[in-house]
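Below is one structure, written out as structure tokens, with a few remarks after it.
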Amino acid sequence: DGERAAAPAGPAARAVSGPAPLPATERTPPCTLPPSPLAPRHHWVVDASAREAADPTGHPEEPPRVVATVLPSAGRGAPASPGGSARPAPGASAQPGSAAQPDVSAEPGGAAASVVLEAVSRTGVFPLSDLGERMVLTTDLGFDSLMLQELDIIIARHAPGFPTEETFKPGLTIGRLTELVAPHLTHAPAPAVPPLPREPWETPAPRGDEYAATAGVDGFPEVRQFEERLDAITAGGADFPYFRVHRGTIRDTTVIGDREYLSFGSYNYLGLSGHPAVTAAVHEAVDRYGTSVSASRVLSGERELTVRLERALAAFLGVDDCLALVSGHATNVTAIGHVVGAGDLVLHDALAHDSILQGCALSGAARRPFAHNDTDQLAHMLRANRSRFRRVLIAVEGAYSMDGDLVDLPAVIELKKRYGALLMVDEAHSIGTVGEHGRGVGEFFGVDRSGVDLWMGTLSKAFASCGGYLGSSARMVRWLRHTLPGFVYSVGLTPANAAAALAASELITAERVRALRRNAELFLSLAASAGLATGSSAHTPIVPCLLGDSARTLRVADRLYERGVIADPIFHPAVEEGLSRLRFFVTSEHREGDIRRAVSVLAQEVSAAGG
């Protein structure tokens, strides 16, 4: 069309070449940031001379061993007096299970030895009987910087104020670590318990196929269960509805094989994937920067293109700054895993995306779901639990992709403020689609952007690209830029993806968003008039048709496909058992006649499929 043909010269050129550089007076001078108090990372190179200097006397083949009683997980917390360095009782046997095994926790400094040895044993997966006080953590036990960090965290639970930096010095031995811990010890081990049973690698070699079920993935019971579910999907004769190969760009239509279908199965909400301006920007970016930045952005992977994308996203959202990452799913996982941890609590909507749940699991924080959009239950959980945790994070979505409804953002922000919680909003499906200019639920509800701690979103939907972003205050983003594992240890966005998202951001206009909203409202009203169950869908381009039974849902999806309409069937565990549905993603590119035809065909096939 005429609008698309005229567009490439503007956004495409600006996406690659960009504006003139900022005057020198406006540039922010570089600064050195302190390490993150939540997740310090220490790295060094240990050369041969350092290894030799670690113990000038050399290590005997069998160094003296220090045996300690392992602390049971539930038995920590009793007060203790600090002591000196640990030594085995003279003449005592050092073999596990020996009747003469000493209880080092009863000796001066024994409590510190117990703490250190248990921490080293757990972190390095070594039997206690294999550990000696002259062993060097790095060269003898193979500890890397991440293992040392884990060791430091375990020790700090018993010895607050322990000098963390000492843990990361090359040449540190178990004996020296015990001496460092002892003056800071405030939590003694529990009373002595029997020694650990022999480790798996100390048991006799297995016989026959004792471990056959776990020796290869093909033998896993969950693989067999998955295959049974897969067979059940097509048992009624319907075609398998997933992984169909599409030819070309999916907008309002798509081509599979040699046939064109009316598509309601993609996230190309504004039709910007395949837009000439976006495509031209991608070509220019690849010509200039190549196909990959080939490194973490912290090192040699930074490109001006991505920096300008982050500025554009920040302006679009109305926040101070943004950080772009290579995966939307991974953005949630690494952000939640970084912001909260053990001793914290995450309260999330019961319909939260898998990436939020995976982030909770990574973090080690406690997790509690509240009923979908039930702010009364959320308030009750905050009232009952806030004082019990260091931090509480509320995680919600702007628009829920299974139900097509919005979060009650003002109510959630009010609860966040009242109870001193953190708030993260996942705008994967609401950014670009909700609000007068597509700027998400923040614009839709007219809230102060600072009322949300983390605005998360994806680039793979309205922004016609791939990746994720985090928007927040300048201070928060600066901290994330230097410490967030999923960013620091990951390659940067490809030039193509950065250019596509940047060009798309310039093409998201109120006119496009209004066209999308008109189409979504038309689909929803026609479905309601036809007596179709659309649940709580409102104000979004996502319209579910709830059918309940999985077999019935698959039959209807198969019949729609035969009649040239694509809508994806959704079953358990993506939704609750008994709430299977067809999910329709409406775009700004759909024509009124196509929407009317799709709803008419849907109503006919739902009726024909019966209850």
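The values are calculated or read from the model by the stated rules, or taken from the named source; none is laboratory data. Everything numeric here is computed off the predicted structure, so don't read it as measured data. Methodologically, a virtual Cβ is constructed for each residue, glycine included, from the backbone with ideal geometry; neighbour enumeration extends over all protein chains shown.
Among the residues of this structure, A399 does not count as one that is surrounded by 23 or more Cβ atoms within 10 Å (Cβ to Cβ) and within 14 Å of the chain's Cα centre (by Cα). Scan the stretch 583-597 and give yes if some residue there is hydrophobic (A, V, I, L, M, F, W, C), touching a residue at least 12 places away in the same chain (Cβ under 8 Å) and farther than 30 Å from E310 by Cα, otherwise no. Yes, there is a match, as at least one residue in the stretch 583-597 is hydrophobic (A, V, I, L, M, F, W, C), touching a residue at least 12 places away in the same chain (Cβ under 8 Å) and farther than 30 Å from E310 by Cα.
Please go through the stretch 127-149 and give me each residue that is modelled with pLDDT under 85 and under 22 Å from P183 (Cβ atoms), ordered by number.
Filtering the stretch 127-149 for residues modelled with pLDDT under 85 gives 127, 144-147, 149.
Correct list: Q149 only.
Matching residues to (1) in a strand (DSSP E or B); (2) under 13 Å from G265 (Cα atoms):
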| residue | (1), (2) |
| --- | --- |
| L547 | yes, no |
| V556 | no, no |
| P573 | no, no |
| F584 | yes, yes |
| S588 | no, no |
| R596 | no, no |
| E605 | no, no |
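Reported count of residues in the stretch 598-611, each being without any contact (Cβ under 8 Å) to a residue 60 or more places away in the chain and in contact with a strand residue (DSSP E or B) (Cβ under 8 Å, 6 or more places away or on another chain), is 1. Exactly one residue among L325, L299 is of a type in the set (A, V, I, L, M) and in contact with a strand residue (DSSP E or B) (Cβ under 6 Å, 6 or more places away or on another chain), and that residue is L325.
Quick one: which residue in E443, E506 is more than 28 Å from G337 (Cα to Cα) and surrounded by fewer than 24 Cβ atoms within 10 Å (Cβ to Cβ)? It would help to see each step written out before you state the result.
Values: E443 fails: more than 28 Å from G337 (Cα to Cα).
Answer to the check: E506.
Looking at T178, is it among the polar types (S, T, N, Q), at negative phi and at pLDDT below 90?
Details: among the polar types (S, T, N, Q): yes; at negative phi: yes; at pLDDT below 90: no.
When the stated conditions are applied, T178 does not pass them.
Here A399 qualifies as in contact (Cβ under 8 Å) with a residue 40 or more places away in the chain, within 18 Å of S536 (Cα to Cα) and of a type outside the set (D, E).
Could you tell me whether the stretch 471-487 includes any residue that is within 24 Å of R251 (Cβ to Cβ) and within 20 Å of the chain's Cα centre (by Cα)?
Kept after step one, since they are within 24 Å of R251 (Cβ to Cβ), are these residues of the stretch 471-487: none.
Scanning the stretch 471-487, I find no residue that is within 24 Å of R251 (Cβ to Cβ) and within 20 Å of the chain's Cα centre (by Cα), so the answer is no.
Has the stretch 520-536 got any residue that is under 27 Å from D239 (Cα atoms), of a type in the set (S, T, N, Q), without any contact (Cβ under 8 Å) to a residue 40 or more places away in the chain and in a helix (DSSP H, G or I)? Within the stretch 520-536 (the criterion being under 27 Å from D239 (Cα atoms), of a type in the set (S, T, N, Q), without any contact (Cβ under 8 Å) to a residue 40 or more places away in the chain and in a helix (DSSP H, G or I)), the answer is no, since none of the residues qualifies. Among the residues making up the stretch 308-348, a single one is free of Cβ contacts under 8 Å to residues at least 40 places away in the same chain and either under 21 Å from E150 (Cβ atoms) or buried (at least 22 other Cβ atoms within 10 Å of the Cβ) (or both): A342.
Return yes or no: is G404 in contact with a Pro (Cβ under 9 Å, 6 or more places away or on another chain) and either in the same structural domain as L582 (by TED's automatic domain parsing) or free of Cβ contacts under 8 Å to residues at least 24 places away in the same chain (or both)? In short, no. Counting the residues of the stretch 430-487 that are farther than 22 Å from L272 by Cβ and part of a helix (DSSP H, G or I) gives 17.
When you go through G271, G236, G301 one by one, which is the residue that is assigned to a loop (DSSP other than H, G, I, E, B) and either surrounded by 20 or more Cβ atoms within 10 Å (Cβ to Cβ) or modelled with pLDDT of 95 or more (or both)? Talk me through it step by step, then tell me what you get.
Numbers: G236 fails: either surrounded by 20 or more Cβ atoms within 10 Å (Cβ to Cβ) or modelled with pLDDT of 95 or more (or both); G301 fails: either surrounded by 20 or more Cβ atoms within 10 Å (Cβ to Cβ) or modelled with pLDDT of 95 or more (or both).
Matching residue, one of G271, G236, G301: G271.
Looking at V452, V477, V543, V491, just one residue is in contact (Cβ under 8 Å) with a residue 12 or more places away in the chain, surrounded by 23 or more Cβ atoms within 10 Å (Cβ to Cβ) and either under 29 Å from R303 (Cα atoms) or assigned by TED's automatic domain parsing to the domain that holds R308 (or both), and that residue is V452. Checking the structure you have, find out if any residue of the stretch 409-432 is touching a residue at least 40 places away in the same chain (Cβ under 8 Å), of a type in the set (D, E) and in contact with a Gly (Cβ under 7 Å, 6 or more places away or on another chain). Scanning the stretch 409-432, I find at least one residue that is touching a residue at least 40 places away in the same chain (Cβ under 8 Å), of a type in the set (D, E) and in contact with a Gly (Cβ under 7 Å, 6 or more places away or on another chain), so the answer is yes. Restricted to the stretch 569-611, and to residues there that are acidic (D, E) and at pLDDT below 90, the residue that is farthest from P544 (Cα to Cα) is E577. Given the condition crowded, with 19+ Cβ neighbours inside 10 Å, part of a loop (DSSP other than H, G, I, E, B) and in contact (Cβ under 8 Å) with a residue 40 or more places away in the chain, answer yes or no: does some residue in the stretch 274-289 qualify? Scanning the stretch 274-289, I find at least one residue that is crowded, with 19+ Cβ neighbours inside 10 Å, part of a loop (DSSP other than H, G, I, E, B) and in contact (Cβ under 8 Å) with a residue 40 or more places away in the chain, so the answer is yes. Say we look at the stretch 362-384 and pick out the residues that are in a helix (DSSP H, G or I) and in contact with a strand residue (DSSP E or B) (Cβ under 8 Å, 6 or more places away or on another chain); which of these is nearest to H429 (Cα to Cα)? Looking at residues that are in a helix (DSSP H, G or I) and in contact with a strand residue (DSSP E or B) (Cβ under 8 Å, 6 or more places away or on another chain), I get L378.
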